[in-house]
Amino acid sequence: MPEMTKFYYDTAGSTNPVTLGALRKMVPLSQILFGADFPFIKSAEQRRLLQEFGVFNARELQVIFSENVGKLLPNTKLKSARLGVRATFCGGVRMDAMSDNPNAQVILITGTSSGIGRLAAETLARAGHSVYASMRQTASRNREAAEALAKLPARVIDLDVTKPGSVSQAVETVIQEAGRLDVLVNNAGHMPIGITEAFTEAQVQQTMDVNFLGPVRLCRAVLPHMRQRGQGLIIHVTSVVGRVLFPACGVYCASKFALEAYAEVLHLELSGLGVESVIVEPGPFPSRLLPNSPEPADRLRAEAYGSIAQIREVFSDTFSKFFASEQSPNTQDVADAIAQLVATPAGKRPLRTVCGPDYGAIAINQYTAPIQAEVLRSIGMPAMAKRAHAAATD
Ligand SMILES: NC(=O)c1ccc[n+]([C@@H]2O[C@H](COP(=O)([O-])OP(=O)(O)OC[C@H]3O[C@@H](n4cnc5c(N)ncnc54)[C@H](OP(=O)(O)O)[C@@H]3O)[C@@H](O)[C@H]2O)c1
């Protein structure tokens, strides 16, 4: 046998019996380390072959064998030219997820470069789930976050929620690699603050594109798969200002109210099909949302409001001080609430989970739930009314 070299083994394209059979002939079993039970190994035959090889708990999947493997196994991805790509890939996927946690889920999260999304990705990956942490610009602006998440390990993929091609590509990647998608977390978002009239039509469109149409795109991409499997969970991160209103947040509130409506109707329509659509409503939490807030482009209109135009600065100051104070909420609480929803058995998840200061959102939710259930009964949909009532009162 030629000199031995360390290789990372890309299982995505090569756990077929032919490849594994050929590999076994070349490499002593003791020199192969597989992740214990990674989610993209689907068939019983693949599992049996892996067990024959000897399966180890391994954070990184390593195969030590000949550099000539690419020539010997021409149909695999085990070519030295692709070594770097494979190393990233294997370092990025939680190989031992399924064995550590019998309830491990394949989870796609949007907007994981910072804040709630990043903490949720970390929390869920540490809990043993197979996390696909998606973000924009993984190779440039968000590279540091991407590299840190990949070390967890989580699989980091590019996803801009405003680009339909990017959304479908990301969802396809997950389903192809992992064999399934159990949970989608619609988290990506931004928060324009300022005099509402002074946001231009293009700016309002941009916010709706990220905060509302983004989740719509993701839902439409994952739902055929989830409906077909008769299971799945979609968690929408809205806001308490999807239920109550803050001045200076007219555009942001509109996008979150829209998402609340969409998510709740999905909840009703999907609940008979085994798929759940639930909502997390955070109050204010420190993140990059406030520092990255877009400001109104139409300055003349803002100036026409006189001193009221200072509302952006007032808002920003108030919450910056709050976040710097000892009373500041901990953003980890939102990530924990998301993880709790994932851990809750299907059918037992509440429609709405409020985190942090709620500004009356909990009371509004409690007040509107029976009204909504009554609306459903009055239009001849008692089964949905029952589900609506059950989910709201859990
Ligand atoms: N923090 C709060 O007080 C609070 C309260 C209620 C609700 N929320 C909601 O929680 C969610 C997360 O916000 P956060 O507080 O964690 O803020 P954050 O730290 O600013 O994170 C927002 C994330 O969304 C991403 N994003 C923005 N536009 C995107 C796009 N077109 N495609 C993909 N990703 C995009 C950002 O990525 P880039 O780095 O690439 O920009 C970032 O990863 C948002 O939906 C927000 O509305 C937050």
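A short reminder: the numbers here are calculations on the coordinates, not readings from a lab. Since the structure is predicted, the reported quantities are computational estimates derived from the model, not experimental observations. We place every Cβ from the backbone using ideal geometry, glycine too, and count neighbours over all the protein chains shown.
What ranking of R155, R349 emerges when the number of other C-beta atoms within 10 Å of each C-beta is taken as an exposure proxy, fewest first? Can you show the working numbers first?
Details: R155 27, R349 20.
Lowest count first: R349, R155.
Starting from one equal scatterer on each C-alpha and no solvent at all, send me the Debye-based log10 I(q)/I(0) for segment 101-359 at q = 0.07, 0.11, 0.15, 0.16 Å⁻¹, two decimals.
The Debye formula, applied to the Cα set alone, gives -0.23, -0.58, -1.07, -1.21.
From the Cα gyration tensor of segment 277-394, with a ≥ b ≥ c the square roots of its eigenvalues, which class applies: rounded if a/c is under 1.5, or else prolate if a/b is larger than b/c, or else oblate?
Oblate shape, in that a/c is at least 1.5 and b/c is the bigger or equal ratio.
Quick check on segment 230-331: take the gyration tensor over C-alpha atoms, sort the square-rooted eigenvalues as a ≥ b ≥ c, and tell me if it's rounded (a/c under 1.5), prolate or oblate. Could you put the intermediate results ahead of the total?
On the way: a/c = 3.42, a/b = 1.79, b/c = 1.91.
Judged from the Cα gyration tensor, segment 230-331 comes out oblate (a/c at least 1.5, b/c at or above a/b).
For a protection proxy built on the mean count of beta-carbon atoms within 10 angstrom, sort 197-210, 304-317, 131-144 highest first, please.
So the order, starting with the most tightly packed, is 131-144, 197-210, 304-317.
Please give the FRET efficiency for A261 paired with Q137, using the beta carbon to beta carbon distance and R0 = 25 Å, rounded to the nearest 0.05.
Step by step, r from the Cβ atoms, then E = 0.25.
How would you rank 323-335, 227-239, 110-122, highest first, on the average number of other Cβ atoms within 10 Å across their residues?
Result, highest mean first: 110-122, 227-239, 323-335.
Label 7 Å along Cα→Cβ of I371; segment 240-254 residues with amide nitrogen under 16 Å?
Zone members listed by number: 242-245.
Based on other C-beta atoms within 10 Å, arrange L289, L273 from fewest to most.
Fewest to most other Cβ atoms nearby, the residues stand as L273, L289.
Considering the options A198, T173, N211, tell which one lies farthest towards the positive end of the dipole of segment 155-314, charges being +1 on Lys and Arg and -1 on Asp and Glu at the Cβ, about the Cα centre.
T173
May I ask you to compute the full-extension gain from A363 to Q176, defined as 0.36 nm times their residue separation minus their alpha-carbon distance, rounded to one decimal in nm?
Length difference between fully extended and current span is 63.0 nm.
Calculated FRET efficiency, K321 and A343, Cβ-Cβ r, R0 41 Å, to nearest 0.05?
With a Förster radius of 41 Å, E is 0.75.
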